[in-house]
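Engineer: Here it is, the structure in full.
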Amino acid sequence: MSESPLSYVHGASSEPLTSMTIGQAFDAAVGVHGNRDAFISRHQLIRWSWKALGEKVDSLAAGLIALGLEPGDRVGIWAPNCAEWVLTQFATAKAGVILVNINPAYRLSELKYALEVTECRALIVAAKLKSSNYIDMLGELIPGLESASPGATNSTELPSLKWLIRLGEKRSAGFLNFNEIAGRADEHARRRIEDLAQS
């Protein structure tokens, strides 16, 4: 049996589709736009150029690899719109990690179900949203979290979940802070991101 050729369909255009990964397309945009504005978050008082965004995404991607995440692993994010959400979206793509978007309105039973089904190895969370205190909800879901070390989440009901990562400056027992991830990136992790970009 002969192998079927790959095919694709696109709308009326003379320009063919490109076969680039999201990470490759992101890097190409960084290369083209450099110092032009890429991202603005008014409520966080953030304005990043494409170059700055690219550097932050690369550092976060390498940091995720340094945490022990591998291509194909799943990272959940349970947060409203924010700069960290954008960084995570592109960094997971560059690291080959699957991003699982968890509805910010989920209650505890819905969160538990989503984490069980997707087998997330890490979960990035906002501290709270409206009347939902995500940190307290996770403390209720994961017994012993208040005495756990970051990366050592041991839940019999969520055995895949190892890393809880919180947004913001405050610290919570059992959580790594989001802004610490990039600092964990070493040369090996950075080379791994470069290798993944070529594959």
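The values are calculated or read from the model by the stated rules, or taken from the named source; none is laboratory data. Note that the coordinates shown come from a computational prediction; the quantities given were computed from them, not determined experimentally. Backbone-built Cβ (ideal geometry, glycine too); neighbour counts: all protein chains shown. These area figures cover heavy atoms from the full protein model, side chains too; ligands, DNA and RNA do not enter into them. Shrake-Rupley method; radii C 1.70, N 1.55, O 1.52, S 1.80 Å.
Engineer: For the stretch 44-60, what are the residues that are under 12 Å from Glu84 (Cβ atoms) and surrounded by fewer than 17 Cβ atoms within 10 Å (Cβ to Cβ)?
Structural biologist: The answer is Gln44, Ile46.
Engineer: OK, next. Quick one: which of Ala52, Ala79, Ala105, Ala148 is closer than 30 Å to Asn35 by Cβ and more than 17 Å from the chain's Cα centre (by Cα)?
Structural biologist: Ala52
Engineer: Kindly state which strands (runs of 3 or more DSSP E) lie completely within the stretch 73-129 and contain at least 1 residues that are open to solvent by 40 Å² or more (accessible area, probe 1.4 Å).
Structural biologist: 74-78, 98-101
Engineer: Still on this structure, I have one more. In the stretch 50-72, what count of residues is obtained for those that are in a loop (DSSP other than H, G, I, E, B) and acidic (Asp, Glu)?
Structural biologist: Adding up the residues that qualify gives 1.
Engineer: Okay, moving on. Do you know which residues across the stretch 130-142 are more than 19 Å from the chain's Cα centre (by Cα) and either under 19 Å from Asp73 (Cβ atoms) or open to solvent by less than 70 Å² (accessible area, probe 1.4 Å) (or both)?
Structural biologist: Ser132, Asn133, Met137, Gly139, Leu141, Ile142
Engineer: Please enumerate the residues belonging to the stretch 143-166 that are open to solvent by less than 20 Å² (accessible area, probe 1.4 Å) and aliphatic (A, V, I, L, M).
Structural biologist: Selection gives Leu145, Leu158, Leu161, Leu164, Ile165.
Engineer: Give Ile135, Ile193 a once-over and let me know the one that is more than 25 Å from Glu55 (Cβ to Cβ), assigned to a helix (DSSP H, G or I) and in contact (Cβ under 8 Å) with a residue 24 or more places away in the chain.
Structural biologist: Criteria check complete, one pass: Ile135.
Engineer: Starting from residues that are within 16 Å of Ile193 (Cα to Cα) and outside any helix (DSSP H, G or I), keep the ones in the stretch 13-49 and report whichever is nearest to the chain's Cα centre (by Cα).
Structural biologist: Per the criteria, the residue is Thr21.
Engineer: Can you pull out the residues in the stretch 138-151 that are part of a helix (DSSP H, G or I) and over 19 Å from Asn103 (Cα atoms)?
Structural biologist: Leu145, Glu146, Ser147
Engineer: Can you work out which of the residues in the stretch 178-192 that are under 8 Å from Ala66 (Cα atoms) and among the charged types (D, E, K, R) is surrounded by the fewest Cβ atoms within 10 Å (Cβ to Cβ)?
Structural biologist: Asp186
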